[in-house]
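The values are calculated or read from the model by the stated rules, or taken from the named source; none is laboratory data. If you're wondering where the values come from, they're calculated on a predicted model, not measured in any experiment. Glycine also receives a Cβ, built like all others from the backbone with ideal geometry; neighbour counts cover every protein chain displayed. Heavy atoms of the whole protein, side chains included, go into the accessibility calculation; ligands, DNA and RNA do not. Shrake-Rupley method; radii C 1.70, N 1.55, O 1.52, S 1.80 Å.
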Amino acid sequence: MLCWRALAPELRRYAPSDTRSVWLHALALAASGELPGARAAQAEGEEGEALAGPLPHLANAMLAFRSGDLRAAQRFVQNAVRANPDYAYSHNLKGMIEADLGDRAAAERSFVRAADLSRTSALFHRNLGVVRFQSERFQGAADALDTALQIAPDDCLALTVRAQVFAATERPDQAEAMVRRCVDSGADAPIAVSYLLELLVGQDRFDEALSVIDQTAETLPTATALKGELLLTLNRADEAVAALAQDTARTPETALRRAMALAMAGDAAQGLEALTEGQGTASPSYALVQAALSVATGAPVPEAARAAVSADAGLVAPLMWFETLHMASEDAAAAAEAARRADGLLPGVLFAGVSADDWQALSAPDIRPHAALGMLWLLREYDRAAQAEFDRILAQAPSLQARYFGALADIRLGDIAQASTRLAPLSAAAPAFYSAQMLLGELNLNLGATAVALENYRAAVRVVEDGGALMKIGLIADALNEVDVAEDALRRFIDLYPDVFIGYNQLAWLFVQREVRLDEALRLTERANELKPGNGSVLDNLGWILHLQGDTEAAVEYLREANRLTNSANPDILYHLAVVEAALGQTERSLALLDTFDRVVPDGHNAIQAALALRSDIQ
């Protein structure tokens, strides 16, 4: 299609009345995004002799598509298909429009039709592969993309999407080899370079990523910015400063990165000054950096920055943290009270239980710059730099927040052991620091220290009665056979969330698995079923309770439905149904259920021995 952009004007010199070449030119210009030229050619085509067939409709459809008017594009392309149902490009463009409208199934049908009509067109097979990949139909995507690459081995978009299919099916080496075919060819393909960088960074191969950026600088219009961003991520601030100095653009984004690089290199004041180089710098993210650097240098948050940040609700809580840090230098008690305004600055972060003493320690003149920068880097996901700043604080002051936020950086960097070591003192030293106790609970649970995790969650809910923490207390205490603790937590969950089915169902299961208080368990499960009808876990509880109460005929219907709803994949339900089927004399059904149980049950499941005993009894 793009060849017509150059060829059509020459044809029209020798055949000025050839309306077909005019419409082809309009289509090619629209396809390549040259909309003013496309509109001029469209107007010329409409003034000329009427042309039968799909071409005028296709040109109008492509122009509407590139202009963002998808509904008009859809009408025009349908007219093109009606004009000639066997014209492959009409079906291809129809698929492109349908994909942008979000109807991937329809888009796939259109691309299949286009590929069937023109089997030697790499474009149609490639588009089919792309839409299948977007629908996570990876084998179908691979088949279509392989066909496209047989026809056009150097198609960089097909190579890149094929690489993404390899990555999605856990074959990273083949993904890298595929995308490197494009990058190493020297083709002007920023999408392939960007994806190769994503693969390398995802594997922590940072130096290789930097090398690729240097090698493909002419291909990547944002090479300097990418290099600077990667160096900031690596906490290689001096290199970032040098790299970003090569960026001659004076845009807000350039000024922002340069300012952060200077601050990360140790000069927050110079970084703050560099922010003034950008023009039109009132964006909320820019203003948040300005606020952080202002506080780092001992100044209050500028009023203009405060006003700009307020335009982005997601940045208000982070701004409040910097405001609180500055406030603490004058009145730590007031800062501790005001800190609740910063709740949610990161997911799950609340400042309940953070003392005035901790705010005072963070706001000390020699600590405050590290605290402000550490938080800024954490918010920007420059986790190595954040980790370094919080380490500097802890070398000078026993700050609870520095430990907590340093542990968050550790976790992001994959160092769970370091996070656990860093946080461990807070288990006893900060029982009222809600977020720290919650994070300790998660870490200890992941490390297998279940009893310690339980105490962490119990400490957290003494400060904030969080539903997730109460449910975890119920589950962990149940597993540890601390029935009273589990019951108290689950009853409190029900009190707080009376319309949430899981509290009733889980409390019922606490009783059912111990075969106690079955009448109450039945009432709880019936309430859960009212709130969440058709839930497999609830129906399993109902069926098993009825079986334990002797009503096996009623029990089997609930359990069969529970098994159907969970696609025979829940080992508890499979075991319960096998027991009930055996009790009803359905030996073959019971054995078949036990066979399925054996295939899906995880190691260490508490029903394994009981299932073996049942099989022995009925065989």
* To do: Scan segment 106-122 and give yes if some residue there is surrounded by fewer than 18 Cβ atoms within 10 Å (Cβ to Cβ), assigned to a helix (DSSP H, G or I), of a type in the set (D, E, K, R) and modelled with pLDDT of 95 or more, otherwise no.
  => yes
* To do: Identify, from the list Leu542, Leu559, the residue that is open to solvent by less than 60 Å² (accessible area, probe 1.4 Å), under 18 Å from Ile618 (Cβ atoms) and modelled with pLDDT of 95 or more.
  => Leu559
* Asked: Only one residue in Ala187, Ala177 is of a type outside the set (Phe, Trp, Tyr) and either at pLDDT below 90 or surrounded by 15 or more Cβ atoms within 10 Å (Cβ to Cβ) (or both), so which one is that?
  -> Ala187
* To do: Might you check whether a residue that is over 23 Å from Glu34 (Cβ atoms) and either over 37 Å from the mean Cα position of the chain (by Cα) or without any contact (Cβ under 8 Å) to a residue 40 or more places away in the chain (or both) occurs anywhere in segment 94-101?
  => yes
* Filter segment 435-458 for residues that are farther than 19 Å from Thr421 by Cβ and open to solvent by less than 30 Å² (accessible area, probe 1.4 Å) and give the result. => Leu454, Tyr457
* Using beta carbons and a limit of 6 Å, which pairs, at least six apart or on different chains, have the first residue in segment 60-85 and assigned to a helix (DSSP H, G or I) and the second one acidic (Asp, Glu)? -> Leu70/Asp100
* Asked: Identify, please: which residue in segment 254-269 is closer than 12 Å to Thr224 by Cα and either of a type in the set (Ser, Thr, Tyr) or open to solvent by 60 Å² or more (accessible area, probe 1.4 Å) (or both) and is, among those, modelled with the highest pLDDT?
  -> Arg258
* Of all residues in segment 235-250 being touching an Asp or Glu at 6+ places or on another chain (Cβ under 9 Å) and part of a loop (DSSP other than H, G, I, E, B), which is least open to solvent (accessible area, probe 1.4 Å)? -> Asn235
* Structure fact -> Going through segment 592-617 in order, the residues found to be surrounded by fewer than 17 Cβ atoms within 10 Å (Cβ to Cβ) and of a type in the set (A, V, I, L, M) are Ala592, Val600, Ile608, Ala610, Leu612, Ala613
* Which condition does Pro571 not pass, out of (1) of a type outside the set (Lys, Arg); (2) within 26 Å of Ala477 (Cα to Cα); (3) open to solvent by 60 Å² or more (accessible area, probe 1.4 Å), if it passes all the others? -> (3)
* Structure fact -> Only one of Val600, Val580, Val556 is β-branched (Val, Ile, Thr) and within 28 Å of Ala477 (Cα to Cα), namely Val600
* What about Ala308, is it open to solvent by less than 60 Å² (accessible area, probe 1.4 Å), over 20 Å from Trp359 (Cβ atoms), in a helix (DSSP H, G or I) and modelled with pLDDT under 95? -> yes
* To do: Kindly establish whether Asn127 is polar (S, T, N, Q) and more than 30 Å from Val201 (Cα to Cα).
  => no
* Asked: Which of the residues that make up segment 483-505 are open to solvent by less than 70 Å² (accessible area, probe 1.4 Å) and either free of Cβ contacts under 8 Å to residues at least 12 places away in the same chain or closer than 26 Å to Ala430 by Cα (or both)?
  -> Val485, Ala486, Ala489, Leu490, Phe493, Leu496, Pro498
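Every residue, every condition in (1) at pLDDT below 95; (2) open to solvent by 40 Å² or more (accessible area, probe 1.4 Å); (3) not hydroxyl-bearing (Ser, Thr, Tyr), yes or no:
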{"site": "Ala317", "(1), (2), (3)": "no, no, yes"}
{"site": "Phe322", "(1), (2), (3)": "no, no, yes"}
{"site": "Met327", "(1), (2), (3)": "no, yes, yes"}
{"site": "Pro347", "(1), (2), (3)": "yes, yes, yes"}
{"site": "Gly353", "(1), (2), (3)": "yes, no, yes"}
{"site": "Ile367", "(1), (2), (3)": "no, no, yes"}
{"site": "Ala371", "(1), (2), (3)": "no, no, yes"}
* Could you tell me whether any residue of segment 573-580 is assigned to a helix (DSSP H, G or I), without any contact (Cβ under 8 Å) to a residue 60 or more places away in the chain and within 34 Å of the chain's Cα centre (by Cα)? => yes
* Structure fact -> When segment 207-229 is checked residue by residue, the ones that are hydrophobic (A, V, I, L, M, F, W, C) and either buried (at least 21 other Cβ atoms within 10 Å of the Cβ) or closer than 14 Å to Tyr195 by Cα (or both) are Ala209, Leu210, Val212, Ile213, Leu220, Ala223, Leu226
* Asked: Taking segment 270-290, which residues are at pLDDT below 70 and open to solvent by 50 Å² or more (accessible area, probe 1.4 Å)?
  -> Glu277, Gln279, Gly280, Ala282
* Failed condition for Gly140, given (1) closer than 19 Å to Leu24 by Cα; (2) surrounded by 16 or more Cβ atoms within 10 Å (Cβ to Cβ), with all others met? -> (1)
* Asked: Out of all the residues in segment 384-411, which are more than 22 Å from Lys472 (Cβ to Cβ) and surrounded by fewer than 21 Cβ atoms within 10 Å (Cβ to Cβ)?
  -> Arg384, Ala388, Asp391, Arg392, Leu394, Ala395, Gln396, Ala397, Pro398
* To do: Considering each of Ala582, Ala521, Ala508 in turn, give the residue that is farther than 27 Å from Ala489 by Cβ, among the hydrophobic types (A, V, I, L, M, F, W, C) and open to solvent by less than 60 Å² (accessible area, probe 1.4 Å).
  => Ala582
